[in-house]
Amino acid sequence: MSELNEGVLGLFGGTFDPLHVGHLRLAIEAREALGLAGVCFIPAGNPALRDAAPHCSAAHRLAMVERALAAAPGFSIDASEVLAAAPGPSYTVDTLERQRRLHGARRPLVLLLGADAFARLEAWHRWRELFELAHVAVATRPGHELRVGAGDTALDAEFAARKGSAADLGIAPAGRIVPFAITALEISATAIRRRLAAGLNARYLVPDAVLDYIDSHQIYRTPHGH
């Protein structure tokens, strides 16, 4: 799929191990709530800040994303991190620097995060530089609300100074933090992997094309995957 050439672009990075309908709903609702021209999915090659390595290879994870988005208008894929196969971890700041080089200094870019991930932002590599490279939109849902802004941490200060609305995203290329609400779907890749390892059905938790790929390659069918 070709990249969209203009408008505010959402950037959605993740392990996608596997990509599931919760991921797709977040991207769809981000487009609607934030007025995005499109959303670019960025599968991580070697994700940082994980307790364990992904359960299947980067190539499999990329293939599942490609199949899920094959007929999805407005969605694109950046496979750079997977194809680079670099030995080091995939840091979001490096991802955003690459996206900035790709799209130029003026296009508004919006990093899409869940509230839980945003709450841990201070642990991220060069986290303050993220706001120089993109806006940050934080998806909230019942049980996963924002837990920043009321204290005296560095992230609280950034949130207070940068909080804005969807209307702000097209005005500048980067720098705002915009919360938005999404449908409450309690779906996790961990739970899906456990179901598959136990021989249970995961239909309707992942797109049909992803489940077909999992079945054909026998991914996740043992506790340790392939």
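The values are calculated or read from the model by the stated rules, or taken from the named source; none is laboratory data. All of these numbers come straight from a predicted model, not from anything done at the bench. Note that each Cβ is placed from the backbone with ideal geometry, even for glycine, and that neighbours are counted across all protein chains shown. These accessible areas exclude ligands, DNA and RNA; they are computed on the full protein's heavy atoms, side chains included. Shrake-Rupley method; radii C 1.70, N 1.55, O 1.52, S 1.80 Å.
Laid out as a table, the results:
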| item | result |
| --- | --- |
| Residues (open to solvent by less than 20 Å² (accessible area, probe 1.4 Å) and closer than 20 Å to Pro179 by Cβ) located in the range 30-59 | Ala30, Leu34, Leu36, Val39 |
| Test set (1) closer than 18 Å to Ala209 by Cα; (2) in contact with a helix residue (DSSP H, G or I) (Cβ under 9 Å, 6 or more places away or on another chain); (3) not polar (S, T, N, Q) - Pro73 fails condition number | (2) |
| Candidates Ala184, Ala191, Ala202 - the one that is closer than 30 Å to Leu96 by Cα, open to solvent by less than 50 Å² (accessible area, probe 1.4 Å) and out of contact with any Ser or Thr (no Cβ under 8 Å at 6 or more places or on another chain) | Ala191 |
| Condition met for Leu83 (under 24 Å from Ala181 (Cα atoms) and part of a helix (DSSP H, G or I)) | no |
| Any hit, the range 166-189, residues being closer than 24 Å to Leu62 by Cβ and among the hydroxyl-bearing types (Ser, Thr, Tyr) | yes |
| The range 65-79, residues that are open to solvent by 30 Å² or more (accessible area, probe 1.4 Å) and either polar (S, T, N, Q) or not in a helix (DSSP H, G or I) (or both) | Ala70, Ala71, Pro73, Ile77 |
| Among the candidates Leu19, Leu24, Leu62, residue that is open to solvent by less than 20 Å² (accessible area, probe 1.4 Å), outside any loop (DSSP other than H, G, I, E, B) and not aromatic (Phe, Trp, Tyr) | Leu62 |
| Every residue from the range 196-218 that is more than 16 Å from Phe16 (Cβ to Cβ), among the small types (Gly, Ala, Ser) and assigned to a loop (DSSP other than H, G, I, E, B) | Ala198, Gly199 |
| Residue count, the range 128-187 (criterion: closer than 16 Å to Phe118 by Cβ and acidic (Asp, Glu)) | 4 |
| Residues (outside any loop (DSSP other than H, G, I, E, B), surrounded by fewer than 17 Cβ atoms within 10 Å (Cβ to Cβ) and either acidic (Asp, Glu) or touching a Ser or Thr at 6+ places or on another chain (Cβ under 8 Å) (or both)) located in the range 136-167 | Asp156 |
| Extreme residue, nearest to Tyr91 (Cα to Cα), among residues of the range 111-132 that are open to solvent by less than 20 Å² (accessible area, probe 1.4 Å) and in contact with a Phe, Trp or Tyr (Cβ under 7 Å, 6 or more places away or on another chain) | Leu121 |
